[in-house]
1. Out of V106, V63, V97, I need the residue that is in a strand (DSSP E or B), within 18 Å of R168 (Cα to Cα) and open to solvent by less than 50 Å² (accessible area, probe 1.4 Å). Which one?
2. Which pairs have Cβ atoms under 7 Å, sit 6 or more apart or on different chains, and link a residue in segment 19-30 that is closer than 18 Å to L45 by Cβ to one that is among the charged types (D, E, K, R) and assigned to a helix (DSSP H, G or I)?
Amino acid sequence: MDPMAKTGTTTQGLRAAIERSGYYPALVAEAVEAAVGGEPIASFLVHQETTFDANEVRRHVTVLVLTDNRFIVSHTDEQNADTSSPTPYATTSTESVKLGRISSVVVSRVVANPESYTPGTLPREVVLTIGWGAVARLDLEPAACGDPNCDADHGYTGNSTADDLSLRVSEAGDGPDTVRQTLAFAQALSEATAATGR
């Protein structure tokens, strides 16, 4: 029996989404399966992205999985042959985060013609940013006082922002189904983190 299919239709849907991405499905599925273990899957998102780096085209896939207790991130990149390897290779990493550690779930929506927006209309683009404290971005700038003639050193002021994962999907590039799935995953994750905070 296929171990990815044992927990029901959501798990089977995840396997099908990984296979549809066409990006080393056996490798990606095995890494995700090992991270999920026997937990039932509440929600998932599979996102493949192609980037252009100088003269090279690189693909990578990110798989996000929500269980009752954890948020799992799997990321797979392909690399061309280089000085460390005579053949092309792929790197797969997974991270498992307890839901209670997630500090922020930010959903940014880009909509066309906002003056005539109708509730329920699909955004043109969605950026999902999730923070759990592994990576923080610090934006600093010189502090100042209200006196325009003051030349004293007031130190620095700034903001610290949790920015562990940022994923951008668009209707034009990824299709409307991926945008819908991103919104559904973000809502499920937001609800799950709210429930753990009670």
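The values are calculated or read from the model by the stated rules, or taken from the named source; none is laboratory data. Note that the coordinates shown come from a computational prediction; the quantities given were computed from them, not determined experimentally. Backbone-built Cβ (ideal geometry, glycine too); neighbour counts: all protein chains shown. For accessibility, only protein heavy atoms count, side chains too; no ligands or nucleic acids. Shrake-Rupley method; radii C 1.70, N 1.55, O 1.52, S 1.80 Å.
1. Working: V106 fails: open to solvent by less than 50 Å² (accessible area, probe 1.4 Å); V97 fails: within 18 Å of R168 (Cα to Cα).
Checking each option against the conditions leaves just V63.
2. P25/E19; A29/R15
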